[in-house]
Each structure stands twice: as structure tokens, then as C-alpha cells.
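Asker: Sending over a structure as C-alpha cells; questions will come in a sec.
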């Protein structure tokens with residue numbers, strides 16, 4: 001991978017990290033404001049807000065996971081391991097990293113991992129007792 005390509009991928013990762021961190025700060029501020037303004041709600045308002053909070057928590061969990069992956073990717077870059085597959089050691093490839101900058105597996109190893117996961121699910125379904 002060229003230095004230019006690596007710099008481009010670093011910028012993508014850093015920009016996404018910064019966006020996620022800003023979103024987290026904004027969500028915190030909005031949450032504090034909502035808490036302060038919270039008077040005069042009925043049960044329907046509270047139920048709607050609970051649903052929105054649940055959705056927001058799921059989104060925050062996904063974003064927290066992505067933020068961790070970005071941090072790992074930047075650390076791998078620093079260690080000159082970013083473009084290497086964690087499983088087989090082959091190059092991941094610029095096109096794959098451009099599409100998924102937090103990828104840690106080459107396409108071959110990722111496909112094998114997904115196949116193993118599908119097989120595990122199928123095995124569980126075969127041996128799980130039927131509910132009906």
C-alpha cells in the first residue's frame with residue numbers, strides 16, 4: 001500500500017472518530033437539557049421518550065463499538081500492521097480497507113469466518129428442540 005493510500009485511510013478513520021466523539025458530546029448535552037426541561041409529561045410522552053432512549057442506547061452501543069474498532073485500526077497503523085490480515089498475515093488490500101477501514105481480516109479469511117459462523121448457527125438449529 002502506498003503512503004498516499006495509507007494517509008487517505010488514516011484521514012477517513014480520524015474523521016469518523018471525530019464525528020463519533022462530537023456526536024457523543026452532543027448527545028450528552030441534549031440529554032442534560034432534556035433532563036432539566038422534563039416537567040409536565042404524561043404517560044404517553046414518557047413511553048415515547050423511553051422508546052427513543054432505547055433506540056438511542058442501541059445506537060450509542062454501536063457507535064462505541066465502532067469507536068473501539070477505529071482506535072484499534074489507528075493503533076495497527078502506528079505499528080505498521082494495519083494492512084495485514086490478523087488471521088493469515090496476508091495483505092488485506094486497499095480496496096477492502098477503503099470500503100471498510102476497520103477491517104482486520106482479508107476477504108478470504110472473512111469469508112471463512114462467516115462460513116464458520118453460518119455453520120455454527122445451522123448446527124445449533126439442528127440440535128435445538130423445536131418450540132412448535
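No value in this document is a laboratory result; all are computed from the given coordinates. Please read all numbers here as calculations on a predicted model, not as lab measurements. Cβ sites come from the backbone with ideal geometry, for glycine too, and all protein chains shown count toward neighbours.
Asker: Going highest first, how would you order 84-92, 59-67, 115-123 by mean Cβ packing within 10 Å?
Answerer: Output ranking for 84-92, 59-67, 115-123: 84-92, 59-67, 115-123.
Asker: Another question, then. Run the quick spin-label model on residue 62 and residue 108: label points 7 Å from Cα toward the beta carbon, then report their separation in nm to one decimal.
Answerer: 3.2
Asker: Modelling each spin label as a point 7 Å along the Cα-to-Cβ direction, I'd like the residue 8/residue 72 distance in nm, to one decimal.
Answerer: The two pseudo-label positions are separated by 2.5 nm.
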